[in-house]
1. ALA270 is checked against (1) among the hydrophobic types (A, V, I, L, M, F, W, C); (2) in a helix (DSSP H, G or I); (3) under 22 Å from the mean Cα position of the chain (by Cα) and fails just one. What number does that condition carry?
2. Evaluate segment 2-15: report whether one residue or more is at pLDDT 95 or above and closer than 21 Å to GLY142 by Cα.
3. From the list GLU29, GLU52, which one is closer than 18 Å to ALA145 by Cβ, at pLDDT below 95 and not small (Gly, Ala, Ser)?
4. Can you spot a residue in segment 30-42 that is farther than 30 Å from CYS286 by Cα, in contact with a Lys or Arg (Cβ under 9 Å, 6 or more places away or on another chain) and part of a helix (DSSP H, G or I)?
5. Give just the number: which of (1) farther than 19 Å from ASP120 by Cβ; (2) in contact (Cβ under 8 Å) with a residue 40 or more places away in the chain; (3) not in a loop (DSSP other than H, G, I, E, B) does ALA26 not satisfy?
6. So, of the residues in segment 273-304 that are within 30 Å of ILE200 (Cα to Cα) and not in a strand (DSSP E or B), which turns out to be farthest from the chain's Cα centre (by Cα)?
7. Check GLY20, GLY61 and return the single one that is surrounded by fewer than 22 Cβ atoms within 10 Å (Cβ to Cβ), on the phi > 0 side of the Ramachandran plot and not charged (D, E, K, R).
Amino acid sequence: MPALLGELLEFLRIPSVSAGRRRPDALLEAARWVRDYLSGAGRAELVEVDREAPLVVAELGPDDAPPVLVYGHYDVQDPGDAAQWTSDPFEPALRDGRVYARGAADDKGNMLPLLAAARDLAAQGELRLRVTALVEGGEETGSTAACRWLRERAGDFAAAIAFDTTMADERTPLLCVGARGLVMLGVSVRVAERDLHSGIYGGVAENAIHLLARAIDRLVEQTADGGAPLLADDVEPPSELERAAWQRLRAGQQLLAAAGGRAADPARLARFWELTTARPSLDVHCFEAGAPRTIVPATASATLSARLVPRQRPDSVADAIERALRGFLPDHVELAVEGLASADPVRFDPQHPVLAAARKALARACANPPIVARTGGTLPVLGELAAHRVPTVFTGFALEEDAVHGADESFRVEALELGYRAARELLRELAATLRSGE
């Protein structure tokens, strides 16, 4: 699809970074790009938000048709060290049937076919749904504005669609019926008024790096298998249907190798899907302290997050993590914990008529029935949709090899066509299903 590919390349050139080295001007440019992209087939506008990137809200299709939300995000992660990229992360490059750029898979390449299908059906007079497109610029930083918008509007919709995840493999779509939640924290300690000379005080003075590193190490040990303080007693075990679905998914060892990673404990690879989708986990993302000078650092800080499963609450888990860290540190050490982002874990009923319709549409589009399973990732807006009982079709056409959030992020060119075909089938099937229930 040359036209769609050209549109994606144009979209990817906008460095709409929200996480890390934020680019406010580029975020606004991307929002305007999405607005203009949809405005030819309906009404599209920017919704300004204080201190955040604007939302794009578009209305497509007849006013009296069943209302459906289409969601996506135009913001991207910071590309990090440019030296790790083979080509400029914001000058998309075509190599071996892939588009390489930041945002290629998350979420510009995934989202654009869905927007294009809704736009084209509306322009052709064939859209039998009232589609509201909500495209945000803050997903990578917690979706605060989008979630606030949904708290007021989510109850208006009979269904929702989001293309923002991976396929099971190149031929098999994945229909996600749940996602882990998230609590992200900034942690810092202070052990002295100032840094000290290591030649004079080293070996005697408390070192903030040592203390925080030990405390975090103990926390990681306690949570390595979903243990305290992350694992609540009432976390529900995976169902037999889920376990059966996992048998159809790629082996964890294969996935991890394709992503360029190694197992911390090879014995856990046999439980890969359980541990990454149905159990809580904790990871440390950043550690900042000291300087390349001969000092005993007075302060140290880290950023960490926990992924959560149903029945866990972000605030409760955050409190448990803070209590655990406090217990691992001497009483006199100053500890500060700041909440950075949170999202509730969610599950959707796989037997709901909307999800049954999605299975049919995806099977037709991909010539292969989808695997129905949970994802280990987090999409904050899903919590608001689940809270308002909006059945949500959460799928996507990226692959693990696409290096989402990493260097040389990419998206298959053929996935653009596959996503577009799936979106058209899905919009048509949902129209038939929702209209039959009127």
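1. Failed condition: (3).
2. Yes.
3. Among GLU29, GLU52, only GLU52 is closer than 18 Å to ALA145 by Cβ, at pLDDT below 95 and not small (Gly, Ala, Ser).
4. The answer is yes; a qualifying residue exists.
5. Of everything listed in (1) farther than 19 Å from ASP120 by Cβ; (2) in contact (Cβ under 8 Å) with a residue 40 or more places away in the chain; (3) not in a loop (DSSP other than H, G, I, E, B), ALA26 misses just condition (2).
6. THR294
7. Of the residues listed, the single one that is surrounded by fewer than 22 Cβ atoms within 10 Å (Cβ to Cβ), on the phi > 0 side of the Ramachandran plot and not charged (D, E, K, R) is GLY20.
So that you can scan it fast, the table gives a plain yes or no per residue for (1) outside the structural domain of PRO113 (by TED's automatic domain parsing); (2) of a type in the set (A, V, I, L, M, F, W, C); (3) surrounded by 20 or more Cβ atoms within 10 Å (Cβ to Cβ):
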site: ASN368; (1), (2), (3): no, no, no
site: ALA373; (1), (2), (3): no, yes, yes
site: GLY383; (1), (2), (3): no, no, yes
site: ASP402; (1), (2), (3): no, no, yes
site: GLY406; (1), (2), (3): no, no, no
site: SER410; (1), (2), (3): no, no, yes
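The values are calculated or read from the model by the stated rules, or taken from the named source; none is laboratory data. This is a predicted model, so every value here is computed, not measured. We place every Cβ from the backbone using ideal geometry, glycine too, and count neighbours over all the protein chains shown.
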